[in-house]
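Comments concern the structure below.
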Amino acid sequence: MLLIIHPVMQSLAILLAFYTFLMGLKRFRSFHLKHKVQFPWKRHVLFGKITTSLLLVGMVVGFSMVRYHWGRNFMTLGHGKMAMVVLPVLLLAFVSGYLLDRQVTYRNPLRIFHGLNNILLFALLLNQARLGVEVYQLYVAGG
């Protein structure tokens, strides 16, 4: 039963990441496509912080659970190793978002980097979810 904590946390985090991404798309549409769309800046920042924090805590929980239940890390197919690819992208998402929140300038190239980085992050998270389902089926559900 305890093994379900990590996938539930990360699933919630991925849903929040998608919601945060949709808010970021509003910013892209308003600034680059000149659409009349209201960008919920403070909500985007808040949910970005919640999402990155939850993903990081979920990652630590995942590694801890694998270590506790099976005695070693990186045995869950490519899922654990891929988390080491996700980690720097996740940290870049947080740091670039933090810097953008601290200095509001309209022509900041960091905005483009932040958006592209977070698109990559979301793609990596979807891949992690796919790999996580495989891990769950093989090691937990016994299938």
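Given +1 at the Cβ of Lys and Arg, -1 at the Cβ of Asp and Glu and no other charges, the dipole of the chain around its Cα centre is 660 debye to the nearest 20. In straight-distance terms, cross-link reach from Lys26 covers every one of the lysines whose alpha-carbon lies under 26 Å from its own, apart from those fewer than eight places away in the same chain; here that gives Lys34, Lys36, Lys42, Lys49. Could you tell me the center-to-center distance, by alpha carbons, between segment 121-143 and segment 59-100 in angstrom? Using only Cα atoms to place each centre, the spacing works out to 13 Å.
Set Lys and Arg Cβ to +1 and Asp and Glu Cβ to -1, take the dipole of the chain about its Cα centre, and tell me which of Thr52, Leu91, Leu33 lies farthest positive. So the residue furthest toward the plus end is Leu33. Among Met84, Met23, Met59, the largest mean-square fluctuation in a Gaussian network model of the chain, built with springs joining Cα atoms closer than 10 Å, belongs to Met84. Per residue, the average separation of C-alpha pairs within less than 8 Å and at least 6 apart gives segment 1-75 a relative contact order of 37 percent. Here Tyr98 and Lys36 are evaluated by their C-beta separation; at R0 = 22 Å the FRET efficiency comes out at 0.15. Normalising the average separation of contacting C-alpha pairs (under 8 angstrom, six or more residues apart) by the number of residues puts the relative contact order of segment 2-140 at 28 percent. Between Ile4 and Val89, the FRET efficiency estimated from the beta carbon spacing at R0 = 22 angstrom works out to 0.30. The structure shown yields volume of the Cα convex hull per residue in Å³, and of the options (1) 164; (2) 104; (3) 121 that calculated value carries the label (2). Tell me which trypsin sites (Lys or Arg not before Pro) from segment 1-82 have a DSSP coil assignment and no more than 10 other beta carbons within 10 Å of their own. Sparse-neighbourhood loop trypsin sites (Lys or Arg not before Pro): Lys34, Lys36, Arg72. Distance between the modelled labels on Leu110 and Tyr68, one decimal in nanometres: 3.7 nm (7 Å Cα→Cβ projection).
Taking every DSSP helix (H) stretch of at least 4 residues in the chain, weighting each as -39,500 (n - 2.57) and dividing the sum by the residue count yields a mean residue ellipticity at 222 nm of -27500 deg cm²/dmol.
FYI, it's all coordinate maths here, none of it is from the lab. Please read these numbers as outputs of a predicted model, since none were measured by experiment. FYI the Cβ positions are ideal-geometry reconstructions off the backbone, even for glycines, and counts take in every protein chain you see.
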